[in-house]
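Notes to accompany the following structure.
The values are calculated or read from the model by the stated rules, or taken from the named source; none is laboratory data. Everything quoted here is computed from the prediction, not taken from an experiment. Cβ sites come from the backbone with ideal geometry, for glycine too, and all protein chains shown count toward neighbours.
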Amino acid sequence: MHHQVAARIGGLIADGSVAPGTVLPNESELGNKFGVSRTVLREAMKVLGSKGLVEVRRKTGTRVRPATDWNMLDAEVLGWFFTGAEVPSMLSHLLDFRRLVEPAAARMAAEFGTPEELQRIQACYLQMEAVADDVAASVEADLSFHLALLDTTHNPFLRSFGAVIQSALRASFRFTSSNHELYLQSLKLHKKVCDAVTARKGKLAESAMTTMLSRTSEDILRQSGASPTKKPSPGTVR
């Protein structure tokens, strides 16, 4: 129960309904609002505190911490930011982070992948083609493709990175997959990555992934109404 309450409050913080610096209502008010005991509420606040979202002080109450304190590599926190239907304010920052990680991962996959792993990557791409007309299925196929690449690096940190940001990746893929024309364009770019990796052309795979992520960033910004040269600020909800 306390995890459910933490998720509800975390969601309010993530969507901007409760801004950094806000002092939350007291335990009695929050308990009545969520229909839980003070014990459950205190446990929920411990969860949020451990993730950097709130700070609990006896005399001043519970205050939402600055966005710079939030643990954005926590799977639950990412889930709260990337569950809505609209473009999350953090999405452009996620794409920046992906551009730092995934091109190198594509190169490593080409260099270190076993024949079986390269076949898995190719199978994931073929699945993306097969379900191109099904948005939900294409999101999962896209996710599988990128996770397969990270797994094939044989780097435990990169594998963990993929597991942590799955919810954020799903949100990103869901947004682009909902536009069928954009998805078909993205398929061509995925194929270039897949072909380069399975041909063991590391530098070409790295370049192809960089191009794909840059195009994804442009498409998402364009669909959200933002200028491709101007990114949303952290904490700004669209």
- Query: Just a yes or no: is a residue in the range 70-87 of a type in the set (Ser, Thr, Tyr) and exposed (fewer than 13 other Cβ atoms within 10 Å of the Cβ)?
  - Reply: no
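Filter the range 47-62 down to the residues that are surrounded by fewer than 16 Cβ atoms within 10 Å (Cβ to Cβ) and either part of a loop (DSSP other than H, G, I, E, B) or at pLDDT 95 or above (or both) and list them by number.
Of everything in the range 47-62, those that are surrounded by fewer than 16 Cβ atoms within 10 Å (Cβ to Cβ) and either part of a loop (DSSP other than H, G, I, E, B) or at pLDDT 95 or above (or both) turn out to be Gly49, Ser50, Arg58, Lys59, Thr60.
Kindly provide the set of residues from the range 115-151 that are polar (S, T, N, Q) and either in contact with a strand residue (DSSP E or B) (Cβ under 8 Å, 6 or more places away or on another chain) or more than 15 Å from Asp195 (Cα to Cα) (or both), ordered by number. Steps first, answer last, please.
Residues of the range 115-151 polar (S, T, N, Q): 119, 122, 127, 138, 144.
Those that are polar (S, T, N, Q) and either in contact with a strand residue (DSSP E or B) (Cβ under 8 Å, 6 or more places away or on another chain) or more than 15 Å from Asp195 (Cα to Cα) (or both): Ser138, Ser144.
Can you work out which of the residues in the range 66-125 that are more than 14 Å from the chain's Cα centre (by Cα) and small (Gly, Ala, Ser) is nearest to Ile9 (Cα to Cα)? Lay out the reasoning, then the answer.
Pass one, the range 66-125, residues more than 14 Å from the chain's Cα centre (by Cα): 66-70, 100, 103-125.
Checking the rest, the ones that are also small (Gly, Ala, Ser) come to 67, 104-106, 109-110, 113, 123.
Numbers: Ala67: 15, Ala104: 36, Ala105: 35, Ala106: 37, Ala109: 39, Ala110: 43, Gly113: 42, Ala123: 40 Å.
Within the range 66-125, the match that is nearest to Ile9 (Cα to Cα) is Ala67.
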- Query: Only one of these conditions is not met by Ala148: (1) surrounded by fewer than 16 Cβ atoms within 10 Å (Cβ to Cβ); (2) not in a loop (DSSP other than H, G, I, E, B). Which number is it?
  - Reply: (1)
- Message: Looking at the range 98-134 only, could you name the residues that are in contact (Cβ under 8 Å) with a residue 40 or more places away in the chain, part of a loop (DSSP other than H, G, I, E, B) and farther than 19 Å from Gly202 by Cβ?
- Response: Ala132, Asp133
- Message: Please go through the range 135-145 and give me each residue that is surrounded by fewer than 19 Cβ atoms within 10 Å (Cβ to Cβ), without any contact (Cβ under 8 Å) to a residue 24 or more places away in the chain and among the aliphatic types (A, V, I, L, M), ordered by number.
- Response: Ala136, Ala137
